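Every number in this text was worked out from the coordinates using simple rules, so none of it is lab data. Everything quoted here is computed from the prediction, not taken from an experiment. As a convention, Cβ positions derive from the backbone with ideal geometry for all residues, glycine included, and neighbour counts pool all protein chains shown.
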Amino acid sequence: MMKVFASICLLVVLVAVNQAQAESLVSTNHGSVMQELNKQKNEKVQENENLNCNVRTNAIFKAWPDMKTPCVNSMRKQIQKEIHASVQYLAMAAHFSTDTVNRPGFAEHFFKAAKEEREHGSKLVEYLSMRGELTDTVKNLIQVPTVKTANWSGIAALEDAFKLETEVTKSIRDLIKTCEGTGKDDNDYHLVDYLTGVYLEEQLHGQRELAGQITTLEKMMSTHGELGEFLFDKNM
Amino acid sequence: MQDYIQLQLKKSYEYLLLATHFNSYQMNRPGFQKLYQGLSDRAFDDTIALIKQVTRRGGAVDFSKPHDKGVANPPEVHLNELESLARALDNEKELTLGAIHVHTSATHGTTASREHDPEMAHYLQENFLSKQSASVRKLSGYANDLSKLVSVREPSLSVYLFDEFLQKQ
């Protein structure tokens, strides 16, 4: 709520700035546009210390947003986990793209996985916005992580991916438990249904697909060694 | 290039948070959300394109080290409409400078460690430099338009209409 006050106040101040100075914001070639904007704002605030804002928040929103804090916090953690998985897959894709490894099938597979994980993260973010969250707590929601890198072989990468997906599945299950709550009216039915029906669904199918790929690749490698990985890559 | 790839990835998530900020029920600006979501997706796709370019040239990309600039302090995203455009314009300028920096070292390298690399220079010209200048120009136009529009006593309607315009872009 405070954020609304702050932004409307700021807007009013900016109006004053623009009325008084009517100068182009972007004419500065040096320094940041943001700094220029703040400078203009501060100058104006000093001149008009009695600028006051009267913005009321709507009383109808007293019992809304209605998501429970532990659930929201777990959602935030889940979002960061999805982003972490995305960057992890980017690192794998980059590894398989190098000329000395040269596995374009694996590389494309992991680029695709990285995009999907990012998509999962941003869909959860959108969900929170839909429920009325993330009004003044967007900052710090996502930090670009650093990830483990290794000299992955095809099979090692698939195994690491499988491990990662298993962790994500477990963390979604825990998230569901948290959002079912403990109290009488704590169950967040809609979110729980969404996580179960969409996220777990995708996780379980994903795990099955990876498990199948691991088995096939293992068989191909045990009889044909490097040729197995080479052929597997071309058919991915 | 390593640095530029990590910069793109970071900006992708900064734009995602900016889009999220305008998607809240209190801000409720779908046009601004669309604008920043688009920039976020573009930065992510560019990250992948750059990884492909580096590895195509026999290089490698390392995601195990943090990007050297600004990991500690994530930037403020709770901005008003005009401020957000100013921030986006700064971001785009930073991304342009990053591309120019790589281009410069690719064209003017004379030492053994920085070799003259016309292929890389060409790639950046073809895929980044003109795109970035178009993007900077577009956002600069938006920022100037909006700063004129809010120079009235009660700017809510102006911002609303500007947001509606952004939705149609």
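Which of B:133, A:97 comes first, and how do the rest follow, when ranked by fewest Cβ neighbours within 10 Å?
Arranged by neighbour count, lowest to highest, B:133, A:97 become B:133, A:97.
Taking the alpha-carbon distance from residue A:62 and a cut-off under 17 Å, which lysines remain once sequence neighbours fewer than 8 residues away in the same chain are dropped?
Candidates past the 8-residue exclusion: A:3.
Report Rg/Rh for chain B, rounded to two decimals, where Rg is the Cα radius of gyration and Rh the Kirkwood radius.
Checking Rg against Rh, the ratio lands at 1.04.
Expressed as a fraction of 2.2 N^0.38 Å, the rule-of-thumb size for a compact globular protein of N residues, what is the C-alpha radius of gyration of region B:84-169?
Compared with the compact-globule rule of thumb, region B:84-169 sits at 1.54.
Name the lysines eligible as straight-distance cross-link partners of residue A:44: C-alpha to C-alpha under 19 Å, and not fewer than 8 places from it in the same chain.
B:148
Let me know the shape class of region A:154-193, please: from the alpha-carbon gyration tensor, a ≥ b ≥ c as square roots of the eigenvalues, rounded when a/c is under 1.5, otherwise prolate if a/b is greater than b/c, or oblate.
Because a/c hits 1.5 or more and a/b exceeds b/c, region A:154-193 counts as prolate.
Arrange B:56, B:153 by Cβ neighbour counts within 10 Å, fewest through most, would you?
In order of increasing Cβ crowding within 10 Å: B:153, B:56.
What's the angle, to the nearest 10 degrees (0 to 90), between helix B:130-149's Cα axis and the longest principal axis of chain B?
It is inclined by approximately 20 degrees.
Does region A:134-236 come out rounded, prolate or oblate, given a ≥ b ≥ c as the square roots of the eigenvalues of its C-alpha gyration tensor, rounded meaning a/c under 1.5 and, failing that, prolate meaning a/b above b/c?
The shape class here is prolate.
Rg over Rh of the protein assembly as shown, using C-alpha atoms and the Kirkwood radius, what does it come to?
1.02
Going by how many other beta carbons lie within 10 Å of each one, how would you line up A:72, B:150, fewest first?
A:72, B:150
Do you know the relative contact order of chain B, to the nearest whole percent, from alpha carbon pairs under 8 angstrom that are 6+ apart?
26 percent
How about residue A:77: which lysines have a C-alpha closer than 16 Å to its C-alpha, ignoring those fewer than 8 places off in the same chain?
Those lysines meeting the cut-off are A:68, A:123, A:139, A:170, A:177.
Which listed residue (B:97, A:175, B:78) has the Cα farthest towards the positive end of the charge dipole for the protein assembly as shown, taking +1 on Lys and Arg C-beta and -1 on Asp and Glu C-beta about the Cα centre?
Positive-end residue among those listed: B:78.
I need two numbers for region A:53-191: Rg to one decimal and Dmax as a whole number, Cα atoms only, in Å.
Cα radius of gyration and Dmax of region A:53-191 are 19.0, 65 Å respectively.
Let me know the charge dipole size of the protein assembly as shown about its Cα centre in debye, to the nearest 20, where only the beta-carbon of Lys, Arg (+1) and Asp, Glu (-1) is charged.
Charge dipole of the protein assembly as shown: 460 debye, to the nearest 20.
Could you tell me which of B:63, B:88, B:129 has its Cα farthest along the dipole of region B:2-167 towards the positive end, charges placed at Cβ (Lys, Arg +1; Asp, Glu -1), taken about the Cα centre?
Of the options given, the answer is B:129.
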